Each structure stands twice: as structure tokens, then as C-alpha cells.
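Please read the structure below before turning to the comments.
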Amino acid sequence: MYTCGGPCYLFDVRVSAFDKLAHIFVPVVGTIFVSSILLWRIIRQKQRIEQQNTWKNNRRITWQILSVCCLHTVAWGPIVTIMLMVLFSPVSNPGLVHVLINWFPCSYFLVILIYPFICLIGLTKIWLDVCKSLRRQLRLIKNTAGLE
């Protein structure tokens, strides 16, 4: 039995190009673009209003937006760039294809693993509870180690 090793529709150049552009390039660029616009708007509003309480509340969401934007840029930027180079390059470059196939699939999982922690940045109460729990566990470990 012979299998092609992946989705067979990817062997058609037009369908493959549409799939990669519509399902990888557009969402990544859209997320980076919209996050950047939101960040710019928050900073502009801070400069215009100059209210300390409002900025204190918006600081957490600003860090969260900035971290999501940086995560997408660092993790997906090289993937999308190399994918576009492979897709639209008139000359075939086996080195780029090797990097795209063998190295970058790991970064998909890295983004998925890091993203929940990025989302938790803005939730101060959860971070305080986690820190309190860690301190309690460290004290317990120190006390247990001291008894032995």
C-alpha cells in the first residue's frame, strides 16, 4: 500500500498555495496587525488622557497584547517568510524546504504550549495565588529537608 505522506491536495500547486495563504499567512499577519493597532491605540490614549488609574488598568492588557504580538512574530514570522519564499520563488531551494519541513513543525507546538501562559499574564490574582502556593511548597521542602 502506497501513501503520499501528507494531504494529497498539497501536491496541486494552486490548491497548496491557497491553503497556505488562507490558513497560515492571513491569520498570522492579521493577528500581528490587529494586535499592533490595539497596542498603538492604547499608548495613544494613555498619552492623550494622562490618567494614572486608567493606565494602571490598561498596563496589564498592554503587556498581554504586546506578548501575544511578540510570540506570533517570533514563532510564526520565520515560518511564514520561508513558506512564502518556497511558494513564490522561481528557483527551487532544497535548503529552505528542508528547514521548513524538518525544523519549523516544532515551533507550532511551542506556540501552542506557551500561549496559555501568555494569556495568564493579565490575570494578577492567579499569579498571586501561584506565587503563594510556590512559597508554601518551598517552605515545606525546606522544613522537610531540615528534619532529615
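Read-outs: derived from the displayed coordinates by stated rules, not from any lab. Please read all numbers here as calculations on a predicted model, not as lab measurements. Here the Cβ is made from the backbone with ideal geometry for all residues, glycine too, and neighbour counts use every protein chain on show.
Laid out as a table, the results:
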| read-out | value |
| --- | --- |
| Members of segment 70-87 that are more than 8 Å from the chain's Cα centre (by Cα) and either surrounded by fewer than 15 Cβ atoms within 10 Å (Cβ to Cβ) or within 14 Å of VAL29 (Cβ to Cβ) (or both) | GLY77, PRO78, ILE79, VAL80, THR81, MET83, LEU84, MET85, LEU87 |
| Where a residue in segment 113-139 is without any contact (Cβ under 8 Å) to a residue 12 or more places away in the chain and its partner, wherever it lies, is aromatic (Phe, Trp, Tyr) and surrounded by 10 or more Cβ atoms within 10 Å (Cβ to Cβ), with Cβ under 9 Å and at least six apart | LEU120/TRP127 |
